[in-house]
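Enquirer: Below: one structure in structure tokens.
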Amino acid sequence: MIEVKNLTKYFGVKKVVDDISFKVNKGEILGFLGPNGAGKSTTMRMITGFFAPSAGTAVIGGSDILEDSISARKKIGYLPENAPVYPDMTVWGYLDFCAQIRGFSGTNRKKRVEETIEKCFLSEVKFQTVNTLSKGFKQRVCFAQSIIHDPEYLILDEPTDGLDPNQKHEVRLMIQRMSMEKAIILSTHILEEMDAVCTRAIIIANGQLVIDDTPSNLRKKSAVHGAVTLSLHNHDPEGFVSCIQEQDWVSSVKILEKNGNDFKARIFPENNDEPVADKVISAMFANNYEVKSISVEQGRLDEVFRTITGTGHPLSAK
Ligand SMILES: Nc1ncnc2c1ncn2[C@@H]1O[C@H](COP(=O)(O)OP(=O)(O)OP(=O)(O)O)[C@@H](O)[C@H]1O
């Protein structure tokens with residue numbers, strides 16, 4: 001388990017991480033989100049022992065990062081921001097060096113390097129020097145060094161940054177495959193990434209932890225969660241609104257767009273945790289509305305993120 005206890009960091013008089021605490025168990029992938037400058041990288045640097053906290057600590061698999069730093073760091077794989085990798089070394093040479101400092105030797109070391117190269121899709125560039133690699137490949141080399149010792153705990157600062165969509169997909173799959181026996185923290189700006197990969201999400205803003213929940217519960221905080229969006233072929237949107245508004249399970253109805261005789265509307269139910277698609281369909285049928293498409297809104301993570309971090313307003317107020 002990773003236990004983060006009251007981590008706090010000042011740079012001069014500026015408090016950039018403010019009393020953050022949480023736990024991550026094996027099998028969990030924790031997404032770390034927040035606006036630029038929220039304090040994500042600084043928190044990760046304290047968890048991995050790169051920065052000394054101003055207060056608080058982190059305990060990695062029972063080893064305190066301050067009191068038992070070497071033992072804690074042996075258990076961690078860390079992918080820092082911006083993939084710092086020695087530019088003059090070949091990919092193979094660099095990973096061999098990393099395996100050596102992680103304590104591997106002889107054929108075991110060679111095996112670990114080869115396996116990691118394969119796992120991180122680096123075979124085609126393994127004899128190239130790092131300074132001749134594209135950004136995506138450099139990122140993968142840095143990712144490779146973080147897993148070369150098969151650590152129990154992985155801290156990944158924007159692991160898919162700079163990768164193309166196919167590579168992003170591969171890296172996400174790799175992270176998911178590894179997650180069974182590891183506890184993983186990853187920071188990302190990409191909300192779909194958090195949704196696709198993470199079992200839990202923490203949002204920090206101005207150095208403070210503002211939310212710790214599952215991605216699906218986060219969606220439920222969206223103003224549109226549970227609403228039903230319809231495209232209809234009809235010339236009378238106002239008539240539609242007053243007809244649907246009368247239903248006792250409807251809180252409000254909003255016309256989203258009009259296009260000739262077609263329009264798009266969103267129906268907000270009284271209780272957004274209760275599925276109402278069947279009621280919408282019955283109401284359309286009873287009132288002879290011609291429905292061209294219908295969808296139930298799961299909730300918008302970008303809206304939740306903007307609302308929680310104070311950078312925006314809900315998509316739609318009821
Ligand atoms: N070494 C440092 N010295 C002084 N200030 C720093 C240092 N490192 C970070 N900061 C400041 O601390 C704050 C938090 O930075 P941090 O890099 O942790 O944010 P972040 O959430 O990771 O941002 P981003 O999403 O842009 O990577 C910022 O205001 C940053 O300028």
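Enquirer: Can you give me the % of accessible surface on the chain that is carbon or sulfur? Probe 1.4 Å, all protein chains present, nothing else counted.
Expert: 49 percent
Enquirer: Residues of the chain: accessible area per residue at 1.4 Å, in Å²?
Expert: 48 Å²
Enquirer: Which residues' amide hydrogens lie under 5 Å from the amide hydrogen of LEU256, considering only partners 5 or more residues apart or on another chain, with H built in the peptide plane?
Expert: LYS264, ALA265, ARG266
Enquirer: Sticking with this one: Going by amide H atoms built from the backbone, whose H comes under 5 Å of the H on ALA227, apart from near neighbours?
Expert: GLU297
Enquirer: Same structure again: Within the set of other residues whose C-beta is less than 12 Å from the C-beta of THR160, count the net charge using Lys and Arg as +1 and Asp and Glu as -1.
Expert: Local net charge: -3.
Enquirer: Rounded, prolate or oblate: which fits region 48-113, taking a ≥ b ≥ c as square roots of the Cα gyration tensor eigenvalues, rounded meaning a/c under 1.5, else prolate when a/b beats b/c?
Expert: oblate
Enquirer: Can you give the helix-only mean residue ellipticity at 222 nm for the chain, where every DSSP H stretch with n ≥ 4 adds -39500 (n - 2.57) and the sum goes over all residues, rounded to the nearest 500 deg cm²/dmol?
Expert: Taking each H run of at least 4 residues, the total per residue is -9500 deg cm²/dmol.
Enquirer: Also, quick follow-up: I'd like the accessible area for CYS142, computed on protein heavy atoms only with a 1.4 Å probe and all protein chains in place. Round to 10 Å², please.
Expert: Its heavy atoms expose roughly 0 Å² to the probe.
Enquirer: How long are the semi-axes of the equivalent ellipsoid of region 228-297, defined as square roots of 5 times the Cα gyration tensor eigenvalues? Whole Å, largest first.
Expert: Value: 18, 12, 11 Å, ordered largest first.
Enquirer: Using the basic label-point model (7 angstrom from Cα toward the beta carbon), what is the LYS23 to ARG177 distance in nanometres?
Expert: 3.1 nm
Enquirer: Moving on to the next point. Cross-link partners among aspartates and glutamates for LYS40, C-alpha distance below 12 Å, same-chain residues fewer than 8 apart left out?
Expert: Correct list for LYS40: ASP18, GLU81, ASP157, GLU158.
Enquirer: Residue by residue through region 227-243, what is 3J(HN,Hα) from phi via Karplus (6.51 cos²θ - 1.76 cosθ + 1.60, θ = phi - 60°)? Round to whole Hz and write x for glycine and proline.
Expert: These are the phi-based 3J(HN,Hα) values: 6, 10, 9, 10, 10, 10, 9, 6, 8, 10, x, 5, x, 4, 4, 5, 5 Hz.
Enquirer: Given a 1.4 Å probe and the protein chains all in place, what does the accessible area of TYR86 round to, in Å² to the nearest 10?
Expert: Near enough 130 Å² of accessible area.
Enquirer: Rounded, prolate or oblate: pick one for region 1-141, where a ≥ b ≥ c are the square roots of the eigenvalues of its C-alpha gyration tensor, a/c under 1.5 means rounded, and failing that, prolate if a/b is larger than b/c, else oblate.
Expert: Because a/c hits 1.5 or more and a/b exceeds b/c, region 1-141 counts as prolate.
Enquirer: Now for a separate question. Can you say what percent of the DSSP beta bridges in the chain, counting only those with both residues inside, are antiparallel? Round to 5.
Expert: 70 percent
Enquirer: How many percent of the alpha carbon pairs in the chain exceed a separation of 36 Å?
Expert: 35 percent
The values are calculated or read from the model by the stated rules, or taken from the named source; none is laboratory data. Keep in mind that this is a model prediction, so the values were computed, not measured. Cβ coordinates were reconstructed from backbone atoms using ideal geometry, including for glycine residues, and neighbour counts include every protein chain displayed. In case anyone asks, the SASA skips ligands and DNA or RNA and just uses the protein heavy atoms, side chains included. Shrake-Rupley method; radii C 1.70, N 1.55, O 1.52, S 1.80 Å.
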